[in-house]
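Participant: One structure, as structure tokens, below. Some questions next.
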Amino acid sequence: MNRRKKKEERIPMKRIISIALLICVFFINGCSVSVKFDDKDAADQEWWQQTIAYEIYVKSFKDSDGDGTGDLNGITSELDHLKELGVGAVWLTPCYVSPQADNGYDIADYYNIDPAYGTMEDMDRLIAEAKKRDIRIVMDLVFNHTSNENEWFKESRSGRDNEKSDWYIWADPKEDGSEPTNWRSIFGGSAWEYDETRGQYYLHTFLPEQPDLNWENPEVRAAVRDVANFWKDKGVGGFRMDAITYIKKPAEYKDGKPDAADGMTGIHSMTANTPGILDYLHEFKSSVQEGSDIFTVGEANGVEADDLKDWIGENGVFDMVFEFGLVNIDLPDETNWCERRKWDLTDLKSFFAESFCVADTAGGWFPVFLENHDQPRSINHFMPESGDREAKAKALATLLLTMRGTPFIMQGEELGFVNVDWPSIDDYEDISTKNHYEFALGEGYSEEEAMEGVHHFSRDSSRTPMQWDASENAGFTSGTPWLPVYPDYKTFNKKSEKEDADSILNYYIALAGLRSEHRELKDGSYEEIMPEDENIVAFIRQNKDSKATVLINFTDEEVTYDTEYVKDADCIMSSNGETQKGKLAPFEAVIYEGSTK
């Protein structure tokens, strides 16, 4: 297998061209290129630019009542764990009333807590207890769609002449009675579902149980703003905006060019980032965010690097956006998990350099993340199969917590969680995983090939219960967990790792402390060094007072580097315990403070 394909075969040309269009300073030395950004004094930064964020998959974090499902009181009981990690913002996946067709991303009532997770009083207590620890709660707002059990949708589907008739996307069948277009939903199958009562189809970007809202209707836009302001008044610190690039639909619904044997085309290519979407989001920003200190981060799948200037910064619609260039580095087609792009370390580095460059040019900020609830575990995603798991986890932790931007830790990442490898598709819970598996079989892939894609990309890998100790069910629940606990829980759990000085968890805690003490790791500029090296990720973080040089070996072999990069510098952290200038042990990460060439 040849990993060294030409870059244009691996990376979309639009991303390459966009780099050339950016207004950045490039430092050229021979054939190497480094990108440097000016630092911003900490006094000028917002609180969310100086902290660490942590994503909690509520259903899997901690169960306080023994029903097998994580809940709000369980989160409250473990806030000190988050505080020790240096966390100042906790993003909760949806905990609103939901029939759970998509684990809470199908919301039936935005104004109440699902009984499986607790009560509104439990939420108020969580917000208050978090505040005592200088932690703010961040809510997940799902506004592209609702549940089909939401009262808004029930009224809309009841007929064509009710007050909420056009709160959703409705369309007549084609002359032959078939779907209005050949669009395929993100989760597979037609993006249109027929409703007998109205005699029309409704659009669903995701599951049929998740009908899309019609943002063209000003009443819909007012309704979602009211929801956001309700939670802002509750005292939350910000919002993550789910699937936000899909809210604007094209003026006409037309068939797209089929991209698979099913004769359909992916809805992402037909609706993502449709012109006019920014008008809606500016309206939301002015009505919800202005005059407060909350932050917003959008899930911006489909936003290219050269468009980011319109999405972040003073003139943008969000403070930060999650863009997917890095996590989709090996996924040329989100529909097909069986085809993976080959990539090199220079590709990974280029995504950071490009995104930082655009964010800085736009006056915006970047959320650094390697995992989330929709992505595989980073150890499996970005590291070779060979080598020590703990060493790989520490290397990735160094990348995450020393990069410029606000780092987002996914629960379990700090313990070194890895992908599940359950043998049968029947072992998986995630509906998206099951649909991708069926799609692969329909495209002619073997069951073995389909399962290989599942093992690499399934969302269940990031959703297994948190492992707190070595007791039954890892201390997650006294009942039967909704999703199996990973079998390695007796070794990789919070209690055991906290007692082991060399553990992944204690390395995360040490890195968080270092990030706090060495301010250049928070507010310093970013300068890439050794950009063409296929083994080492290396960069400099520098402010007016200090400079740190970070070097990370992404291979399972010892590698060397030019000691001039750390000349007269002192090593302030090594993931290997001890280090030697000019050499990096397999997967070793080092941080030096001092001068560089």
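No lab work stands behind these numbers, since they all come straight from the coordinates. Predicted model only: the values in this text are computed from it and were never measured. Cβ placement follows ideal geometry from the backbone for every residue including glycine, while neighbour counts extend to all protein chains displayed.
Participant: Once phi is turned into θ = phi - 60°, what whole-Hz ³J(HN,Hα) does the Karplus curve with 6.51, -1.76 and 1.60 give for every residue of region 443-450, x standing for Gly and Pro?
Facilitator: 8, x, 6, 6, 4, 5, 5, 5
Participant: Could you state, as a whole-number percent, how many of the C-alpha pairs of the chain are farther apart than 37 Å?
Facilitator: 32
Participant: Count the lysine pairs in region 199-300 whose Cα atoms sit under 22 Å apart, keeping only pairs 8 or more residues apart in sequence or on different chains.
Facilitator: 6
Participant: Calculate the radius of gyration of the Cα atoms of region 231-321 to one decimal place, then report Dmax, the largest Cα-Cα distance, as a whole number, both in Å.
Facilitator: Considering region 231-321 through its Cα atoms, Rg and Dmax are 15.5, 51 Å.
Participant: Highest mean first, what order results for 426-436, 233-243 on Cβ atoms within 10 Å?
Facilitator: Descending packing order for the listed peptides: 233-243, 426-436.
Participant: Tell me, in nm to one decimal, what length is gained between K234 and D562 on full extension, where the rule is 0.36 nm per residue of separation less the Cα-Cα distance? Write out the running numbers ahead of the final one.
Facilitator: Values: separation 328, 0.36 × 328 = 118.08 nm, distance 5.33 nm.
Between K234 and D562, full extension yields an extra 112.7 nm.
Participant: Further, regarding this structure: Under 5 Å between amide H atoms, partner at least 5 residues away or on a different chain: which partners does K547 have, H built in plane at 1.01 Å?
Facilitator: Excluding prolines and chain starts, which carry no amide H, the hits are G594.
Participant: How many lysine pairs are close in region 61-207, with Cα atoms under 29 Å apart and the two 8 or more places apart or on different chains? Please report the intermediate quantities before stating the final value.
Facilitator: Working: K62/K83; K62/K131; K62/K132; K83/K131; K83/K132; K154/K164; K154/K174; K164/K174.
Step by step, the pairs that qualify in region 61-207 add up to 8.
Participant: Please state the relative contact order of the chain as a whole percent: Cα pairs under 8 Å, 6+ residues apart?
Facilitator: Working: 1256 pairs, mean separation 89.9, N = 597.
Once divided by the residue count of the chain, the mean separation gives 15 percent.
Participant: Still on this structure: Quick check for me: using +1 on Lys/Arg Cβ and -1 on Asp/Glu Cβ, what's the dipole size of the chain about its Cα centre, in debye to the nearest 20?
Facilitator: Values: 62 positive and 114 negative charges, 304 e Å.
Roughly 1460 debye for the chain.
Participant: Going by amide H atoms built from the backbone, whose H comes under 5 Å of the H on T406, apart from near neighbours?
Facilitator: Those qualifying (amide H under 5 Å, at least 5 residues apart or on another chain) are F366, V368.
Participant: What is the helix-to-structure angle for 277-288, meaning the angle in degrees between its Cα long axis and the longest Cα principal axis of the chain, kept from 0 to 90 and rounded to the nearest 10?
Facilitator: 80
Participant: In addition: Enter the per residue convex hull volume of region 408-447, computed from alpha-carbon coordinates, in Å³ rounded to the nearest integer. Don't skip to the answer; put the middle values down first.
Facilitator: Working: hull volume 4.3 nm³, N = 40.
Hull volume normalised by residue count: 107 Å³.
Participant: Here's a follow-up. Given that compact globular proteins tend to follow 2.2 N^0.38 Å, what is the ratio of the alpha-carbon Rg of region 222-271 to that value?
Facilitator: Computed over Cα atoms of region 222-271, the ratio equals 1.75.
Participant: Moving to a separate point now. What is the ratio of the Cα radius of gyration of region 290-359 to 2.2 N^0.38 Å, with N the residue count, to two decimals? Before the final figure, lay out the partial values.
Facilitator: Working: Rg = 14.2 Å, N = 70, 2.2 N^0.38 = 11.1 Å.
Cα Rg divided by the expected 2.2 N^0.38 Å: 1.29.
Participant: While we're on this one: Considering the convex hull of the alpha carbon atoms of region 129-212, report its projected area averaged over all viewing directions, in nm², one decimal.
Facilitator: Values: hull surface 29.9 nm².
Convex hull of Cα atoms, orientation-averaged projection: 7.5 nm².
Participant: Does anyone have the angle between helix 345-361 and the longest principal axis of the chain? Alpha-carbon axes, 0 to 90°, nearest 10?
Facilitator: Between the helix axis and the principal axis of the chain, the angle is about 70 degrees.
Participant: List the lysines whose Cα sits under 21 Å from the Cα of K567, skipping any in the same chain fewer than 8 residues away.
Facilitator: List returned: K36, K544, K547, K581, K583, K597.
Participant: Which net charge results for the neighbourhood of A101, defined as the other residues with beta-carbon distances under 11 angstrom from its beta-carbon, given Lys and Arg at +1 and Asp and Glu at -1?
Facilitator: -4
Participant: Another question about this same structure. Whole-Å semi-axes of region 485-597's equivalent ellipsoid, largest first, each the root of 5 times a Cα gyration tensor eigenvalue?
Facilitator: For region 485-597, the ellipsoid semi-axes come out as 27, 18, 12 Å.
Participant: What is the magnitude of the charge dipole of region 223-345 about its Cα centre, with +1 placed on the Cβ of each Lys and Arg, -1 on the Cβ of each Asp and Glu, and no other charges, expressed in debye to the nearest 20? Before the final figure, lay out the partial values.
Facilitator: Working: 13 positive and 24 negative charges, 48 e Å.
About 240 debye.
Participant: For the peptides 140-146, 512-518, 266-272, 555-561, what is the packing order when you average, over each peptide's residues, the other Cβ atoms within 10 Å and list the highest mean first?
Facilitator: 140-146, 266-272, 512-518, 555-561
Participant: So how strong a dipole does region 106-213 carry about its Cα centre when Lys and Arg Cβ are +1 and Asp and Glu Cβ are -1, to the nearest 20 debye?
Facilitator: The calculated dipole for region 106-213 is roughly 460 debye.
Participant: Please determine, in degrees from 0 to 90 and to the nearest 10, the orientation of helix 504-517 with respect to the longest principal axis defined by the Cα atoms of the chain, where the helix direction is its Cα long axis.
Facilitator: 80
Participant: Taking R0 as 35 Å, what's the FRET efficiency between R125 and E334 from their Cβ-Cβ distance, rounded to 0.05?
Facilitator: 0.35
Participant: If you don't mind, another one. Just add up the charged neighbours of F206: K/R +1, D/E -1, any other residue whose Cβ is under 9 Å from the Cβ of F206.
Facilitator: After counting each charged neighbour, the total is -4.
Participant: I would also like to ask the following. Principal axis lengths of region 266-319 from Cα atoms, whole Å, largest first?
Facilitator: 38, 19, 15 Å, listed from the longest principal axis down.
Participant: May I pose another question? If one computes the Cα centroid of region 192-209 and of region 122-139, what distance in Å separates the two points?
Facilitator: Here the answer is 38 Å between Cα centres.
Participant: Once Rh for region 549-589 is found with the Kirkwood sum over Cα pairs, what is the Stokes-Einstein diffusion coefficient at 4 °C and 1.567 mPa s, in µm²/s?
Facilitator: The diffusion coefficient I find is 125 µm²/s.
Participant: Work out the charge dipole of the chain with +1 on the Cβ of Lys and Arg and -1 on the Cβ of Asp and Glu about the Cα centre, then indicate which of G70, S190, L399 is farthest towards its positive end.
Facilitator: L399
Participant: Quickly rank 395-401, 126-132 as a protection proxy: mean count of other C-beta atoms within 10 Å, highest first.
Facilitator: On the way: 395-401: 24.7, 126-132: 16.7.
Ranking the peptides 395-401, 126-132 by packing returns 395-401, 126-132.
Participant: A follow-up question, please. I'd like the Karplus ³J(HN,Hα) series for region 464-473: coefficients 6.51, -1.76, 1.60, θ = phi - 60°, whole numbers in Hz, and an x wherever there's a Gly or Pro.
Facilitator: 5, x, 4, 10, 8, 7, 8, 6, 4, 6
Participant: In addition: Under 5 Å between amide hydrogens, which residues at least 5 positions from Y96 or on another chain qualify, with H placed 1.01 Å from N in the peptide plane?
Facilitator: Under 5 Å from the amide H of Y96 lie the amide H atoms of D114, each far enough along the sequence or on another chain.
Participant: Is it possible to state the helix-based mean residue ellipticity at 222 nm for the chain, with each DSSP H run of 4+ residues giving -39500 (n - 2.57), the sum divided by total residues, to the nearest 500 deg cm²/dmol? What is it? Numbers along the way, then the final one.
Facilitator: On the way: 18 runs with 166 residues, N = 597.
It comes out at -8000 deg cm²/dmol, rounded to the nearest 500.
Participant: Just from the alpha-carbon atoms, what are the Rg and Dmax of region 89-152 in angstroms?
Facilitator: 12.4, 38
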